[in-house]
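Beneath this line is the structure, given in structure tokens, with notes to follow.
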Amino acid sequence: MILYEYEGKEILKNAGINVPASQVITTTGQKVVIKPPLVLKAQVLSGKRAVAGGIIYVKNKKDLIKQISRLFRMKINGEVVEKILIEEKVEFSKQYYLSISYDTGYRSPIVTFSKVGGTGIEERKPKVTPVDILNPEETKILLPSLAQLFLDSDMLLLEINPLVTDRKGNLVALDAKIKLDDAAFARHPEWSFAQRSVAGHISTKNEIEAKKIDEGDYRGTAGSTYFDLPGDIAILASGGGASLAAMDALLSFGGYPANYTEYSGNPPKEKVERLTKIVLSKKGLRGLWVGGAIANFTNIYETLSGFLQALRKIKPKPRFPIVIRRGGPKDKEAFEMLQGVKDFDLHLFGEQISMTESAKIMADLAKKYAANS
């Protein structure tokens with residue numbers, strides 16, 4: 001998990017690392033208690049904020065109000081600015097780049113250090129320079145406490161750019177980019193960060209609940225991969241890369257997914273039932289597509305039994321079309337079971353039609369349902 005700058009600086013501050021006095025605001029009308037001159041920083045997870053205009057220096061209160069309003073209207077690399085970190089402006093004499101990251105090649109953390117930090121460092125030509133650990137200045141800058149913090153906090157990345165020396169000679173972290181190991185959350189009850197996806201947005205309730213299905217239950221997977229989307233066709237997919245290609249097909253026929261999720265590896269019906277309930281909890285659905293490649297060892301009867309159990313428990317009863325395209329072990333028994341179901345608008349297809357063909361059927365049925373609703 002990548003942290004926002006203000007979250008990363010809270011970790012640094014708690015570890016005794018100097019950071020500027022700051023305040024986080026979430027609305028334009030929120031009172032700012034720090035006096036100018038100030039630095040306003042849009043809180044997004046992507047890089048190159050300064051280039052995109054997401055870091056602004058202000059000298060007075062009038063300019064502060066204007067620039068806060070401007071930042072809250074911005075999108076930076078596709079991310080909507082929902083929080084602004086307001087910091088005192090720190091005057092400094094030197095700035096450095098310092099990072100600790102986990103290197104899979106060495107199977108250990110590595111330190112990257114530069115005597116010239118700041119914006120645009122990634123574009124500069126690299127130069128390898130030995131670090132003299134006996135040099136008091138360099139020993140101080142490398143901060144052994146940061147290395148310990150990296151290990152104790154199960155970090156994958158700890159980057160400070162710039163790390164500066166202020167006019168009093170103190171080292172101050174003016175920025176912080178921290179990535180935590182998601183698998184370490186159980187060891188850190190103090191972590192209260194809102195869950196978020198790789199793409200950066202804060203995870204939705206459905207995304208959080210779906211991921212809980214597999215926790216402690218290793219019988220196949222159901223919901224570990226789950227993303228809410230803005231469409232109106234619910235998705236229960238299987239087949240990895242093939243299901244992603246099927247999503248492209250659905251879009252090409254004018255169908256719009258309400259989510260993306262997978263179940264695979266022969267999960268028990270209870271897990272499929274839980275995932276189905278989450279998928280169908282969204283409002284305004286106009287269809288449900290249960291599809292995937294021909295399974296090798298996933299029990300089609302078992303998984304579709306869980307799916308049917310969920311359908312019968314959902315209130316109000318789904319009236320929209322449901323397209324099922326599945327094949328694999330015990331698919332004959334599964335289809336015989338579903339063919340006897342008359343209280344839902346089921347459209348059943350085996351391997352006689354392709355996933356692309358079923359995508360077109362789903363898109364057409366959803367449009368027809370919408371037109372008649």
### Query
Of the residues Gly287, Gly306, which single one is touching a residue at least 60 places away in the same chain (Cβ under 8 Å) and among the small types (Gly, Ala, Ser)?
Gly287
## Note on the structure
In the stretch 72-89, anything surrounded by 17 or more Cβ atoms within 10 Å (Cβ to Cβ) and either of a type in the set (S, T, N, Q) or in contact with a Ser or Thr (Cβ under 9 Å, 6 or more places away or on another chain) (or both) is listed as Phe72, Ile76, Glu79, Lys83, Ile84, Leu85, Ile86, Glu87
### Task
Find the residue count for the stretch 166-189, including only residues that are closer than 26 Å to Tyr97 by Cβ, under 26 Å from the mean Cα position of the chain (by Cα) and among the basic types (Lys, Arg).
2
### Summary
Checking Gln95, Gln67 in turn, the sole residue that is surrounded by 16 or more Cβ atoms within 10 Å (Cβ to Cβ), in a strand (DSSP E or B), modelled with pLDDT of 90 or more and of a type in the set (S, T, N, Q) turns out to be Gln95
### Scan of the stretch 194-219 for residues that are in a loop (DSSP other than H, G, I, E, B), at pLDDT 65 or above and surrounded by 14 or more Cβ atoms within 10 Å (Cβ to Cβ), ordered by number
Ser203, Thr204, Ile213, Asp214, Asp217
### Query
How many of the residues in the stretch 105-128 are at pLDDT 70 or above, of a type in the set (A, V, I, L, M) and in a loop (DSSP other than H, G, I, E, B)?
1
### Query
Are there any pairs, at least 6 apart or on different chains, whose C-beta atoms fall under 6 Å, with the first in the stretch 312-336 and touching a residue at least 12 places away in the same chain (Cβ under 8 Å) and the second assigned to a loop (DSSP other than H, G, I, E, B) and among the hydroxyl-bearing types (Ser, Thr, Tyr), and if so, which?
Gly328/Thr298
### Within the stretch 19-64, tally of residues that are of a type in the set (Gly, Ala, Ser) and over 23 Å from the mean Cα position of the chain (by Cα)
4
### Message
Looking at (1) buried (at least 20 other Cβ atoms within 10 Å of the Cβ); (2) out of contact with any Pro (no Cβ under 8 Å at 6 or more places or on another chain); (3) at pLDDT 95 or above, which one does Gly328 not meet, given that it meets all the others?
### Response
(3)
### Task
Output yes when any residue across the stretch 351-358 is at pLDDT 95 or above and either closer than 17 Å to Ala237 by Cα or in contact with a His (Cβ under 6 Å, 6 or more places away or on another chain) (or both), and no when none is.
yes
### Query
Just checking, how many residues over the stretch 322-371 are basic (Lys, Arg) and in a strand (DSSP E or B)?
1
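The values are calculated or read from the model by the stated rules, or taken from the named source; none is laboratory data. Small disclaimer: the values here were computed from a predicted structure and weren't measured. Using ideal geometry, Cβ is built from the backbone for each residue, glycine included, and neighbour counts are taken over all protein chains shown.
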